[in-house]
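Trainee: Input: one structure, supplied below.
The values are calculated or read from the model by the stated rules, or taken from the named source; none is laboratory data. For clarity, every value in this text was computed on a predicted model and none was experimentally measured. Here the Cβ positions follow ideal geometry from the backbone for every residue, glycine too, while neighbour counts run over all protein chains shown. These area figures cover heavy atoms from the full protein model, side chains too; ligands, DNA and RNA do not enter into them. Shrake-Rupley method; radii C 1.70, N 1.55, O 1.52, S 1.80 Å.
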Amino acid sequence: QVQLVESGGGLVQPGGSLRLSCAASGSIFSINAMGWYRQAPWNQRELVASIISGGSTNYVDSVKGRFTISRDNVKNMVYLRMNDLKPEDTAVYYCHAVIGGTDYVVREHWGQGTQVTVSS
């Protein structure tokens, strides 16, 4: 069993910063990719940022230059540093990972979500 647990969400003023964290635990053999999705009310869930095992990163256009994704391979953690937050960044943010289990089966996993609210 694999579990993803997010933390770091909260209420912040426009222009402020937050850092989201996601910890993966369980029967993990390898982590092929990790990323962050977000979903605002009535909107589709969108991929915000991702990082693959080789270290390459990808960002949705709306957050380029403001958000940075990183990972700690020793601790099986992924982070999303969010700077210059805007009201349109308000959403539930979900950690996502593609993980090879100790049974050699590759599966995708989702965290429970953490709320980010950007408001004055």
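Trainee: Considering each residue of the range 1-49, count those that are small (Gly, Ala, Ser) and open to solvent by 30 Å² or more (accessible area, probe 1.4 Å), and give that number.
Mentor: Summing the residues that are small (Gly, Ala, Ser) and open to solvent by 30 Å² or more (accessible area, probe 1.4 Å) in the range 1-49 gives 10.
Trainee: Same structure again: Of all residues in the range 60-70, which are of a type outside the set (S, T, N, Q), open to solvent by less than 50 Å² (accessible area, probe 1.4 Å) and not in a loop (DSSP other than H, G, I, E, B)? Spell out how you get there, then give the answer.
Mentor: As a first pass, look at the range 60-70 and keep what is of a type outside the set (S, T, N, Q): 60-61, 63-67, 69.
Adding the requirement that they be open to solvent by less than 50 Å² (accessible area, probe 1.4 Å) leaves 60, 63, 66-67, 69.
Scanning the range 60-70 gives Val63, Phe67, Ile69.
Trainee: For Ser56, work out the one condition from (1) open to solvent by 40 Å² or more (accessible area, probe 1.4 Å); (2) among the hydroxyl-bearing types (Ser, Thr, Tyr); (3) in contact (Cβ under 8 Å) with a residue 60 or more places away in the chain it doesn't fulfil.
Mentor: Of (1) open to solvent by 40 Å² or more (accessible area, probe 1.4 Å); (2) among the hydroxyl-bearing types (Ser, Thr, Tyr); (3) in contact (Cβ under 8 Å) with a residue 60 or more places away in the chain, only one is false for Ser56: (3).
Trainee: State which residue is nearest to Arg19 (Cα to Cα) when the search covers only the range 81-95 and only residues that are touching a Ser or Thr at 6+ places or on another chain (Cβ under 7 Å) and either of a type in the set (Lys, Arg) or loosely packed, with under 14 Cβ neighbours inside 10 Å (or both).
Mentor: The extreme case among them is Arg81.
Trainee: Continuing with this model, one more query. What is the residue count in the range 13-47 for residues that are closer than 15 Å to Ile99 by Cβ and outside any strand (DSSP E or B)? Step through it out loud before you land on a result.
Mentor: Start the filter on the range 13-47 by keeping residues that are closer than 15 Å to Ile99 by Cβ, which leaves 22-35.
When the remaining residues are screened for being outside any strand (DSSP E or B), the result is 27.
So the answer is 1.
Trainee: Name the residue, out of Val116, Val78, Val98, that is open to solvent by 30 Å² or more (accessible area, probe 1.4 Å) and either assigned to a strand (DSSP E or B) or among the hydroxyl-bearing types (Ser, Thr, Tyr) (or both).
Mentor: Only one candidate passes the filter, namely Val98.
Trainee: Sticking with this one: Quick one: which of Val78, Val2, Val92 is β-branched (Val, Ile, Thr), under 23 Å from Ser119 (Cα atoms) and touching a residue at least 40 places away in the same chain (Cβ under 8 Å)?
Mentor: Only one candidate passes the filter, namely Val92.
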